Amino acid sequence: MTTFGQRVRAALDEFGPLCVGIDPHTTLLDAWGLDVSAQGAGEFGLRVVDAAAGRAGIVKPQVAFFERFGSAGYAALERVLAAARAAGLIVIADAKRGDIDTTMDGYADAWLGAGSPLEADAVTLSPYLGPDSLHKTLASAVRSGKGAFVLAATSNREGLPVQTAEVVDGAASDRERVAERVARDVGSHNIGLPGSLGSIGVVVGATVDRAAYGLSDIVLAGTPILAPGFGAQGAQAGDLPKLFGYVASGVIASESRSILAVGADRVAARISERAAAYREALGG
């Protein structure tokens, strides 16, 4: 069985780090001439999939922008997820789920279960009910060839006090930041997997100071990194090597508004431009 990490590595090698966000929020639907409805969100998503296929390797639908339309929104999301996977794209469902282990079983079945209407290749998860609450879900993802990205150091300022707080369950000399503990726990699920990248990754914002979160190259080595914050949030493709150093080759650089805002007629060309910029930044 090919692991999720191996598939990510192949996509990064072929297309570069760009991950295209699929975020059908109201202003973009209006700009694209689409109804602010489940039907409009679905059409938007399918157009982005068509534009990304063959130009980027990874897409990331933001679940909230479909969920707001209720059951019709979920039906639209199902079509987008299926179309993206059929087009050969790696699909990360940006759902940020997190709960106790029994509830996580349901989330895992929904987003990572083979044949589920919402099946994706990976899902984003929140560890802040305790990283151990995700253990069963992460282990199951690895066994089934799926992946997950666990929030470690997010790009929103509100996350800073929590994610940089010290864990105090050991001696003072052994203390680490919460984000570092999350990354270490996540990395343990990748031990023994084939290839240079594991299947369980972390979310690390491109606009944060990794050092303040304890996220050194050693901590992140071999762990795929989903990095929001590129494009409209300020980080640029050329910044990637400086921001991530030794682990830059395992970064999935997420852009949404900076690509989608150009409009439906130009989005394919924009994806090609941004993908080329990232490859150039990494010397490809």
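Of the residues making up region 251-268, those that are under 24 Å from Ala93 (Cα atoms) and surrounded by fewer than 23 Cβ atoms within 10 Å (Cβ to Cβ) number 8.
Scan region 204-213 residue by residue and report those that are assigned to a helix (DSSP H, G or I) and out of contact with any strand residue (DSSP E or B) (no Cβ under 7 Å at 6 or more places or on another chain). If the condition is that a residue be assigned to a helix (DSSP H, G or I) and out of contact with any strand residue (DSSP E or B) (no Cβ under 7 Å at 6 or more places or on another chain), then Ala211, Ala212 are the ones that fit. Among all residues of region 167-176, there is none that is touching a Ser or Thr at 6+ places or on another chain (Cβ under 8 Å) and either without any contact (Cβ under 8 Å) to a residue 60 or more places away in the chain or not in a loop (DSSP other than H, G, I, E, B) (or both). Looking across region 113-135 at every residue that is assigned to a loop (DSSP other than H, G, I, E, B) and not small (Gly, Ala, Ser), the one that is nearest to Gly187 (Cα to Cα) is identified as Pro127. Quick check, is Ile22 among the hydrophobic types (A, V, I, L, M, F, W, C), touching a helix residue (DSSP H, G or I) at 6+ places or on another chain (Cβ under 8 Å), within 30 Å of His135 (Cβ to Cβ) and surrounded by 16 or more Cβ atoms within 10 Å (Cβ to Cβ)? Judged against the criteria, Ile22 is a match.
Taking every residue in region 132-146 that is surrounded by 15 or more Cβ atoms within 10 Å (Cβ to Cβ) and pairing it with any residue that is in a loop (DSSP other than H, G, I, E, B) and hydroxyl-bearing (Ser, Thr, Tyr), at least 6 positions away or on another chain, the pairs with Cβ-Cβ distances below 8 Å are Ala141/Ser199; Val142/Thr3; Val142/Ser199; Gly145/Thr2; Gly145/Thr3; Gly145/Ser199; Lys146/Ser199.
Just one of the listed residues (Ala232, Ala281, Ala211) is under 23 Å from Gly5 (Cβ atoms) and either surrounded by fewer than 23 Cβ atoms within 10 Å (Cβ to Cβ) or hydrophobic (A, V, I, L, M, F, W, C) (or both), namely Ala281. Could you check region 138-157 and list, in sequence order, the residues that are assigned to a helix (DSSP H, G or I), farther than 20 Å from Leu197 by Cβ and at pLDDT 90 or above? Of everything in region 138-157, nothing turns out to be assigned to a helix (DSSP H, G or I), farther than 20 Å from Leu197 by Cβ and at pLDDT 90 or above. The test for being in contact with a helix residue (DSSP H, G or I) (Cβ under 7 Å, 6 or more places away or on another chain), over 20 Å from Gly130 (Cα atoms) and surrounded by fewer than 24 Cβ atoms within 10 Å (Cβ to Cβ) holds for Ala221.
Considering region 156-181, and only residues there that are surrounded by 19 or more Cβ atoms within 10 Å (Cβ to Cβ) and closer than 14 Å to Ala211 by Cα, the residue that is farthest from the chain's Cα centre (by Cα) turns out to be Arg177. Selection within region 125-137: residues that are aliphatic (A, V, I, L, M) and in contact with a helix residue (DSSP H, G or I) (Cβ under 7 Å, 6 or more places away or on another chain). The member of this set that is modelled with the lowest pLDDT is Leu134.
The values are calculated or read from the model by the stated rules, or taken from the named source; none is laboratory data. Everything numeric in this text was worked out from a predicted model, so none of it was measured. Every residue, glycine among them, receives a Cβ derived from its backbone with ideal geometry; neighbour counts consider all protein chains shown.
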